[in-house]
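**Student:** Okay, here's the structure, questions in a sec.
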Amino acid sequence: MKIAFLADHLSGFKTYKDSTYAMMAEAAARGHEIHAFEQADTALEQGRVVANAARITLTGEADDWYRAEAKVAQPLTAFDVVVLRKDPPFDMEYVYATQLLELAEQQGARIVNRPGAVRDHNEKLAIAQFPQFLSPTLVTSDMARLRAFHGEHQDIILKPLDGMGGTGVFRVRDDGLNLGAIIESLTRHGSTTIMAQRYIPEIAKGDKRILLIGGEVVPFSLARIPQAGEVRGNLAAGGTGVAQPLSARDQEIAQALAPVLSKRGLLLVGLDVIGDYLTEVNVTSPTCFQEIRQQTGFNVAGMFVDALEQQ
């Protein structure tokens with residue numbers, strides 16, 4: 001196949017842990033042709049969605065890991081599949097990109113994950129579609145409601161709806177220390193919607209990333225355990241990743257969501273689960289492929305490329 005990856009600049013990849021790199025390496029090892037382009041490389045020209053894409057050859061080296069040919073403008077329909085791996089922020093430029101990619105779909109391109117589905121699944125808000133798996137949650141910009149939520153639950157987490165990697169996540173305990181300042185900052189004095197959730201003590205055992213691929217469940221999660229003094233388990237926030245088999249509750253959540261999300265065109269999804277509760281549905285660029293393989297031997301990238309080939 002001729003596979004194009006829409007991703008951030010390749011020079012920023014850390015190959016020892018990057019899931020997009022793992023996908024590229026697995027696909028290249030199977031003889032597939034790899035191309036890459038960035039969000040700014042896309043355009044609508046004469047009614048066709050095109051991209052300035054470069055063919056990529058992997059060197060096998062850790063640092064100087066690829067060779068890129070000159071970029072060539074070509075329609076996205078020239079590729080067998082385009083893999084959307086652009087990291088957030090999910091700003092208006094990202095929205096415009098999904099709209100162009102959706103137009104490319106209408107012209108015959110195959111995009112993974114489907115851009116319309118990515119756009120429609122805010123990674124924080126999407127959990128509300130599965131209320132049976134939620135801890136007490138409030139979504140609002142109303143500062144009085146947020147204060148009342150804290151008054152009811154005493155120990156809460158506050159976070160923006162457009163963050164990633166644990167950015168902007170705060171815990172407020174029963175003493176309410178800095179509650180007003182945090183609410184004012186996150187909501188921009190009541191003008192921006194945020195999420196509040198009851199604190200889940202099981203975060204001490206890890207924020208588990210569970211991967212769904214092609215409607216199937218990867219049998220291992222990566223529990224991202226917060227470092228001392230932190231409430232965020234995100235690897236980007238210093239958490240330690242520990243791969244482990246899925247619990248019965250993990251399986252219940254994953255098996256319930258996998259077929260639903262797959263039917264919506266989401267080939268790859270990363271669920272975040274703390275204790276018994278679903279906390280996020282990640283659809284932009286889910287990670288943890290390499291950590292799971294390194295610790296368990298399970299080839300997550302192989303399962304992903306299998307799914308691409310089967311489609």
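**Student:** Tell me which residues, restricted to the range 167-180, are over 18 Å from residue 192 (Cα atoms) and at pLDDT below 95. First the steps, then the outcome.
**Tutor:** First, the residues of the range 167-180 that are over 18 Å from residue 192 (Cα atoms): 171-178.
Across the range 167-180, there are no qualifying residues.
**Student:** Same structure, new question: Would you confirm, using the coordinates I've provided, whether residue 172 is on the phi < 0 side of the Ramachandran plot and assigned by TED's automatic domain parsing to the domain that holds residue 302?
**Tutor:** Working: on the phi < 0 side of the Ramachandran plot: yes; assigned by TED's automatic domain parsing to the domain that holds residue 302: no.
Answer is no for this residue.
**Student:** Are any residues in the range 282-311 crowded, with 16+ Cβ neighbours inside 10 Å and charged (D, E, K, R), and if so, which ones?
**Tutor:** If the condition is that a residue be crowded, with 16+ Cβ neighbours inside 10 Å and charged (D, E, K, R), then 291, 293, 306 are the ones that fit.
**Student:** Sort out for me the strands (runs of 3 or more DSSP E) sitting completely within the range 208-311 that have 2 or more residues that are under 22 Å from residue 136 (Cβ atoms).
**Tutor:** On the way: elements: 220-225, 240-245, 268-274, 277-282.
Output list reads 268-274, 277-282.
**Student:** Mind checking which residues of the range 117-166 are touching an Asp or Glu at 6+ places or on another chain (Cβ under 8 Å), crowded, with 21+ Cβ neighbours inside 10 Å and of a type outside the set (A, V, I, L, M)?
**Tutor:** 123, 124
**Student:** Here's another thing I want to ask about it. Inside the range 253-281, can you point out the residues that are in contact with a Lys or Arg (Cβ under 8 Å, 6 or more places away or on another chain), closer than 28 Å to residue 226 by Cα and buried (at least 18 other Cβ atoms within 10 Å of the Cβ)?
**Tutor:** Matches in the range 253-281: 270, 271, 272, 273, 274, 280.
**Student:** Which of (1) over 30 Å from residue 281 (Cβ atoms); (2) touching a helix residue (DSSP H, G or I) at 6+ places or on another chain (Cβ under 7 Å) is the odd one out, the single condition residue 34 does not satisfy?
**Tutor:** Looking at each condition in turn, residue 34 falls short on (1).
**Student:** Restricting the search to the range 101-116, which residues are in contact (Cβ under 8 Å) with a residue 24 or more places away in the chain, buried (at least 16 other Cβ atoms within 10 Å of the Cβ) and in contact with a helix residue (DSSP H, G or I) (Cβ under 8 Å, 6 or more places away or on another chain)? Break it down into steps so the answer makes sense when it comes.
**Tutor:** Of the range 101-116, the ones in contact (Cβ under 8 Å) with a residue 24 or more places away in the chain are 101, 103-104, 107-116.
Narrowing the set further to residues that are buried (at least 16 other Cβ atoms within 10 Å of the Cβ) leaves 101, 103-104, 109-116.
Within the range 101-116, 101, 104, 109, 111, 112, 114, 115, 116 meet the criteria.
**Student:** Also, quick follow-up: Can you work out which of the residues in the range 9-49 that are surrounded by 21 or more Cβ atoms within 10 Å (Cβ to Cβ) and among the small types (Gly, Ala, Ser) is nearest to the chain's Cα centre (by Cα)?
**Tutor:** The residue in question is 19.
**Student:** In a loop (DSSP other than H, G, I, E, B), without any contact (Cβ under 8 Å) to a residue 40 or more places away in the chain and under 20 Å from the mean Cα position of the chain (by Cα): does that describe residue 168? Write out each step before concluding.
**Tutor:** Working: in a loop (DSSP other than H, G, I, E, B): yes; without any contact (Cβ under 8 Å) to a residue 40 or more places away in the chain: yes; under 20 Å from the mean Cα position of the chain (by Cα): yes.
For residue 168, the condition - in a loop (DSSP other than H, G, I, E, B), without any contact (Cβ under 8 Å) to a residue 40 or more places away in the chain and under 20 Å from the mean Cα position of the chain (by Cα) - is met.
**Student:** Pull up the range 183-242, narrow it to residues that are within 16 Å of residue 272 (Cα to Cα) and of a type in the set (Ser, Thr, Tyr), then point me to the one that is surrounded by the fewest Cβ atoms within 10 Å (Cβ to Cβ).
**Tutor:** The extreme case among them is 240.
The values are calculated or read from the model by the stated rules, or taken from the named source; none is laboratory data. The structure presented is a predicted model; accordingly, all values stated were derived computationally and were not measured. Cβ: placed from backbone, ideal geometry, glycine included. Neighbour counts: every protein chain shown.
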